[in-house]
């Protein structure tokens, strides 16, 4: 058999499988059909299907790891001992909703970490509900959790983790604090908005609040808890307070507009600082002599200049949170 015949025969076999090869002087580019699939049968071991081509882009989300460099961006290698049975280091990627966790075939959903002001892509089979994700988007009608991309069906509608009202559909109109099978403690979840609830602002009772929680006290003012990805999201809380600025901070284990900072706190993420009061977020981070303003975050976009700063799960003073850090 000639070399041309051998190549033609190989391509005929490859064409019948989930992947094919582009042939030049030698086989070098492996094409694939299942986006985000890691390893076989579509790609060689250790490679991921990215835009139709198998690439060595790092370990998939939630895989066991040893170093950050092994993980596929935007994941980093985190020791999960404090928030997962069995512990061990895994590649954890931040998420706002389950749509950030690759395709449903990967079996990952957006899991709010207990008391950590963070949500990460996590295997659905390891959660109490153990419902592998379906394809129905948030707010879609569902009969069971296996119908939903989030692996979560509540009151006949697909719910999901969220970071703002914009993450929720037209039917589930608000990002509210609720208890779900995705986490052990109440978390930000897309849920139906009671007709009597107001916008987030000054409040007397939980029922006054769009978020379902009148739990923030700043000075003499009680405020509705409001979700945030960064301190830039907290303008409404500042207006309700009537004076000063409000930053995105941890409150009862959740990201919320809950920390008052001075009017002079203007430093954005990356601004050199020496005191917390210099930063819009109220948080000056880093080693002495090289400190900079940081902030809580949901994703790299929350950090401003994403070429210089990235959103990573970090342990600061024994407290886990998604935080903007230097690349």
For residue 326 and residue 221, what does the FRET efficiency come to when R0 = 35 Å and r is the distance between their Cβ atoms, rounded to the nearest 0.05?
0.50
Here the FRET efficiency for residue 29 versus residue 67, based on Cβ atoms and R0 = 30 Å and rounded to 0.05, is 0.60
Please find the FRET efficiency linking residue 232 to residue 82, where r is the Cβ-Cβ separation and R0 is fixed at 30 Å, and quote it to the nearest 0.05.
0.55
Just want to confirm a number: the relative contact order over segment 245-320, from Cα pairs under 8 angstrom separated by 6+ residues, in percent.
20
Report the extension gain between residue 125 and residue 264 in nm, rounded to one decimal, defined as 0.36 nm multiplied by the number of residues separating them, less their alpha carbon distance.
45.3 nm
If I model a spin label at residue 184 and residue 135 as a point 7 Å from the Cα along the Cα→Cβ vector, what separation in nanometres do I get?
3.6
With contacts defined as alpha carbon pairs under 8 Å and 6 or more residues apart, what's the relative contact order of segment 94-191 in percent?
23
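Where a number appears in this text, it was derived from the coordinates with a stated rule and is not lab data. Being a predicted model, the structure only gives us computed values, none of them experimental. Neighbour counts are summed over all protein chains in view; Cβ atoms, including those assigned to glycine, are modelled from backbone coordinates with ideal geometry.
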